[in-house]
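S.K.: If you scroll down you'll find the structure; I have some questions about it.
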């Protein structure tokens, strides 16, 4: 399995609970992105890592959202005190921009439903 | 800053007919442009990309797109639609040298038998 994997695929949380979403990028990919896709919308950028460094977190909607990639491979997106407006599909993507292909490879996403 | 406008949230064509999905972009720097396809409950799959080489780009599954700087457009076409083309299509832009993608709202393509 050489693709990007995400877990869990589906998550139901009660309002106020904390959740953690995991992304396993393609092996060797330096760049890792998180996007949020609301129902019927295009994905929106949340944050970007190059190796373990978080270079851009301008898309994180509030300080309840936190992402990390401590060893430059697996990444976790954490949402604290979930709200109904956090319900969305969270997409992870990885890329190897050193090859100048500029392609991002997407995982299947985690569908988060906050009740 | 970059932005993308996809004209038509829904497009319906007959099987065997021409597919045309419209994308206009705005970018303050030379752009990289992408078309992605999304099937239900799946992630996004890259169809094709423009990264400042040839302006006519050919992708997978018979799709192609033409970068027109004067019209700030990057429309996606396929000469003959197939039932398996039914999906959601997203146009995206990134600034050269930057990383994140800015997506359009998407166009849902329906194929009528």
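What follows draws every value from the coordinates through simple rules; no lab data is involved. The structure presented is a predicted model; accordingly, all values stated were derived computationally and were not measured. Here the Cβ positions follow ideal geometry from the backbone for every residue, glycine too, while neighbour counts run over all protein chains shown.
S.K.: What relative contact order, as a whole-number percentage, does chain B give when Cα pairs under 8 Å and 6 or more residues apart are counted? Present the calculation step by step, with values, prior to reporting the outcome.
M.R.: Values: 287 pairs, mean separation 42.6, N = 113.
This gives 38 percent for chain B.
S.K.: Based on the Cα coordinates of region B:44-106, what is the per residue volume of their convex hull in Å³?
M.R.: 102 Å³
S.K.: Equivalent-ellipsoid semi-axes (√(5λ), Cα gyration tensor) for the protein assembly as shown, whole Å, largest first?
M.R.: Three semi-axes, in Å: 30, 21, 16.
S.K.: If you don't mind, another one. I'd like the mean, over residues of B:101-111, of how many other protein chain beta carbons sit within 10 Å of each residue's own Cβ.
M.R.: 3
S.K.: Which number comes out as Rg/Rh for region A:1-70 once both Rg and the Kirkwood Rh are worked out on C-alpha atoms?
M.R.: Details: Rg = 13.0 Å, Rh = 13.6 Å.
Result for region A:1-70 is an Rg/Rh of 0.96.
S.K.: Give me B:49, A:78, A:11 sorted ascending by neighbouring Cβ count inside 10 Å, so fewest comes first.
M.R.: Starting with the residue having the fewest Cβ neighbours, the order is A:78, A:11, B:49.
S.K.: I'd like the Kirkwood hydrodynamic radius of region A:5-115, using the inverse of the mean 1/r over distinct C-alpha pairs, in Å.
M.R.: Mean inverse Cα-Cα distance, inverted, gives 13.9 Å.
S.K.: Using the C-alpha gyration tensor of chain B, what are the square roots of 5 times its eigenvalues, in whole angstrom, with the largest one first?
M.R.: Working through the eigenvalues yields semi-axes of 23, 14, 12 Å.
S.K.: Can I ask one more? Normalise the Cα radius of gyration of region B:1-43 by 2.2 N^0.38 Å (N = residues in it) and let me know the number.
M.R.: Relative to the 2.2 N^0.38 Å estimate, region B:1-43 comes out at 1.47.
S.K.: Measure off 7 Å from each Cα along the Cα-to-Cβ vector at residue B:55 and residue B:1, then give the distance between these two points in nanometres to one decimal.
M.R.: It is 2.8 nm.
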